[in-house]
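Let me begin by presenting the structure, written as structure tokens, before commenting on it.
The values are calculated or read from the model by the stated rules, or taken from the named source; none is laboratory data. Because the structure is a prediction, the values reported are computed rather than measured. Because the Cβ atoms are built from the backbone with ideal geometry, glycine has one as well, and the counts that use them run over all protein chains shown. SASA here: full protein model, heavy atoms, side chains in, ligands and nucleic acids out. Shrake-Rupley method; radii C 1.70, N 1.55, O 1.52, S 1.80 Å.
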Amino acid sequence: AVVSTQSTGDVQARTHGHLLPLHDTHQTPKLPLPKITLFTLKDQSGSREKIIFNLTRDLFLLNASDLQQLDGEKSVQGKHTFKDKCPTCHDVNLLTRSKDCIHLLVGTTDGQVHHVNPLKWDLVKVYNEHYSIESSDSSVTGVKWIPGSETQFMVSYSSGNMYLFNTAFYFKPSLSELTINFTLTKQGDSYNILVYRSKSRTKEITKWECDVELFTSSPSPQTANI
């Protein structure tokens, strides 16, 4: 089984009864803490609980039932290793999941958001691929599908900025687009709201400058509270 434990000065993971150091607080840069996304998936065998779990540069898709039976090797259904970055957070779209496809968002230490299907490890899109929205020094601190939406999700960064993306509208910037220009639409005492619109005037990205590093969401009858 794979569980995370904390101790003074470092973070450790327990795998098959052995403690493995993940990082020391005196090292630079620090590796992200392991996080878990738990969800249920229906297949021909019925409903099964799945787990998305990040550990250093690796991202795992695990079968929760096999973990409960202490079968560590059998529990790993899939694994992806990032070459030059670490996954920091992840979220599954519960509305669009099926036995053939899971829409998984994965934030990384270099500010990208990878939209993947972990059942086949197919890459759908990469948001902020060329760092035209956030620099590579700004890591993703939170990513979350909007409850009740199949296409909208929010991302928060260590810079304090937060973004609302829509997969139905988002385009892939070219290498020539070094930056995306946002237009200020609303300003408050401690926040700014900016919008990027494409040439067709379709709103594609909304940006909050509000010094937020983490966020939570909860469903409400008509929309989502962020």
Placing +1 on each Lys and Arg Cβ and -1 on each Asp and Glu Cβ in region 76-146, then taking the dipole about the Cα centre, the residue among Thr141, Trp121, Gln77 whose Cα reaches farthest towards the positive end is Gln77
Through the Karplus equation 6.51 cos²θ - 1.76 cosθ + 1.60, θ set to phi - 60°, convert the phi angles of region 119-134 into ³J(HN,Hα) values in whole Hz; use x for Gly and Pro.
5, 10, 6, 7, 8, 8, 8, 10, 8, 6, 4, 9, 6, 7, 9, 10
Note down the net charge around Ser47, summing +1 for each Lys or Arg and -1 for each Asp or Glu among other residues with Cβ under 14 Å from its Cβ.
+3
What ³J(HN,Hα) values, in whole Hz, does the Karplus curve 6.51 cos²θ - 1.76 cosθ + 1.60 give for region 205-211 when θ = phi - 60°, with x put for Gly and Pro?
9, 10, 10, 10, 9, 9, 6
In a shell of Cβ-Cβ distance under 14 Å around Ser190, excluding Ser190 itself, what net charge do Lys and Arg (+1) and Asp and Glu (-1) give?
-2
FRET E, pair Ala64, Asp122, Förster distance 30 Å, beta-carbon r, rounded to 0.05
0.85
Counting sequence-distant residues (5 or more places) and residues on other chains, those with an amide H built under 5 Å from that of Lys50 are Phe39, Thr40, Leu41, Ala64
Using the Karplus curve 6.51 cos²θ - 1.76 cosθ + 1.60 with θ = phi - 60°, what ³J(HN,Hα) values do you get for each residue of region 145-162, in whole Hz, with x for Gly and Pro?
5, 5, x, x, 10, 8, 10, 9, 8, 10, 9, 10, 10, 5, 6, x, 8, 9
Set of lysines with alpha-carbon distance to Lys199 below 25 Å, sequence-local pairs under 8 removed
Lys125, Lys172, Lys186, Lys207
Quick one: how many Å² of Tyr196 are accessible to a 1.4 Å probe, rounded to 10?
30
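Quote to one decimal, in nm, the extra length available between Thr56 and Glu129 on full extension: 0.36 nm per residue of separation minus the C-alpha distance between them. Working shown, then result.
Details: separation 73, 0.36 × 73 = 26.28 nm, distance 2.05 nm.
Here the segment from Thr56 to Glu129 would lengthen by 24.2 nm.
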